[in-house]
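Peer 1: Here it is, the structure, as structure tokens.
The values are calculated or read from the model by the stated rules, or taken from the named source; none is laboratory data. Computed from a prediction, not measured in an experiment: that's the story for all the values here. Because the Cβ atoms are built from the backbone with ideal geometry, glycine has one as well, and the counts that use them run over all protein chains shown.
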Amino acid sequence: MERIRKALERAGQDRQLGGVDSRLSPPPQVGADLSTGVRYTMTRMVEVPEQLLRDNRIITALPQHKYRDSYRMLRTRVLQTMRNNGWTSIAVTGPATGCGKTLTAINLAISLAMEVTHTVLLVDLDLRRPSIHRYFGDEPELGLSDYLRGDVPLHKLLFCPSVERLVVLPGRDAVTNSAEMLRSPRMVALVNELKTRYPDRLVVFDLPPILAADDALAFSPYTDCFLMVAESGTTRKEDLEKAYQILKSTPLVGTVLNKSEAPSSGYGYGPDTKKKKGFFS
């Protein structure tokens with residue numbers, strides 16, 4: 001209990017230093033119009049060239065991309081489910097490596113940020129292989145690994161890419177005892193802070209593959225729901241069923257079928273959370 005108390009005190013100190021988003025104005029209420037953007041005073045700004053977004057397949061940041069509407073549909077269905085249940089956080093994962101869960105988390109976060117009634121915080125919790133910052137062409141000096149290991153103020157870790165209402169919390173370098181760190185008192189206090197500080201914020205967590213390590217299971221009590229990502233033609237049915245079983249205690253909002261060759265859409269979304277099978281493409 002003493003460790004948890006100290007962790008909560010440190011989170012409070014970070015809040016006094018400027019908080020997570022470091023806004024000039026008081027936090028807006030739920031449903032507020034944020035169409036004019038959000039002003040940040042302490043969050044680092046990163047300009048991301050359009051060509052880099054295209055090269056890294058960050059589809060939702062490209063207005064004319066042919067698959068952008070697929071993510072908009074995913075965004076809308078995820079958002080409806082979260083709103084109906086009063087959820088503010090979602091974790092993205094997959095059964096095994098290579099399924100595209102990180103890219104799906106990034107594109108989903110950007111698509112969610114395009115809704116003008118809330119902001120989005122994208123958190124890289126793949127502590128074994130943190131990579132979100134590289135998709136935006138950034139190499140941060142500090143990241144989540146530094147925060148968990150020491151007393152680095154949280155606002156020094158964040159950056160805002162060239163997307164309105166989106167802030168990224170990068171991982172930076174790898175952590176060997178990642179599962180233990182994800183359920184540590186300091187992480188629990190941090191997640192509490194991220195989820196509750198601003199009523200208009202949605203949090204998207206990118207987690208390691210479920211069958212590759214116990215990280216996703218260790219973190220599952222601290223997220224409201226999961227989104228599963230499966231790779232078309234590669235993810236085995238038995239692996240997907242194992243992944244569902246491991247996360248059975250946490251709500252699953254659906255399954256994205258990534259790398260689909262269907263001509264009408266590049267991605268599919270399966271909303272059936274009871275049967276947990278069958279994809280829409």
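Peer 1: Can you find a residue in the range 145-156 that is touching a Phe, Trp or Tyr at 6+ places or on another chain (Cβ under 9 Å), surrounded by 21 or more Cβ atoms within 10 Å (Cβ to Cβ) and at pLDDT 95 or above?
Peer 2: Looking through the range 145-156, none of the residues is touching a Phe, Trp or Tyr at 6+ places or on another chain (Cβ under 9 Å), surrounded by 21 or more Cβ atoms within 10 Å (Cβ to Cβ) and at pLDDT 95 or above.
Peer 1: Would you say L127 is of a type in the set (A, V, I, L, M, F, W, C) and either surrounded by fewer than 21 Cβ atoms within 10 Å (Cβ to Cβ) or within 23 Å of L62 (Cβ to Cβ) (or both)?
Peer 2: no
Peer 1: I'm trying to understand the selection: among the residues of the range 89-115, which are farther than 20 Å from I58 by Cα and surrounded by fewer than 21 Cβ atoms within 10 Å (Cβ to Cβ)?
Peer 2: Hits for the range 89-115 are S89, A96.
Peer 1: So in the range 47-60, with the set limited to residues that are in contact (Cβ under 8 Å) with a residue 60 or more places away in the chain and in contact with a Ser or Thr (Cβ under 7 Å, 6 or more places away or on another chain), which one is surrounded by the fewest Cβ atoms within 10 Å (Cβ to Cβ)?
Peer 2: E47
Peer 1: Additional query: Considering only the range 91-139, state which residues are over 20 Å from P209 (Cβ atoms) and either in a strand (DSSP E or B) or without any contact (Cβ under 8 Å) to a residue 60 or more places away in the chain (or both).
Peer 2: I110, S111, A113, M114, E115, T119, V120, L121, E139
Peer 1: Then there is this: Does the range 226-234 contain at least one residue that is within 29 Å of S178 (Cα to Cα), at pLDDT 50 or above and surrounded by fewer than 17 Cβ atoms within 10 Å (Cβ to Cβ)? Step through it out loud before you land on a result.
Peer 2: The initial filter retains those residues of the range 226-234 that are within 29 Å of S178 (Cα to Cα), namely 226-232, 234.
Still in the running and at pLDDT 50 or above: 226-232, 234.
Narrowing further to those that are surrounded by fewer than 17 Cβ atoms within 10 Å (Cβ to Cβ): 234.
Yes, the range 226-234 contains a residue that is within 29 Å of S178 (Cα to Cα), at pLDDT 50 or above and surrounded by fewer than 17 Cβ atoms within 10 Å (Cβ to Cβ).
Peer 1: Same structure again: Show me the strands (runs of 3 or more DSSP E) found entirely inside the range 142-255 where at least 1 residues are of a type in the set (K, R) and under 28 Å from Y71 (Cβ atoms).
Peer 2: Numbers: elements: 166-169, 201-206, 225-231.
Those strands (runs of 3 or more DSSP E) span 201-206.
Peer 1: Take the residues of the range 61-78 that are of a type in the set (S, T, Y) and closer than 16 Å to G100 by Cβ: which is surrounded by the fewest Cβ atoms within 10 Å (Cβ to Cβ)?
Peer 2: Per the stated criteria, the residue is Y67.
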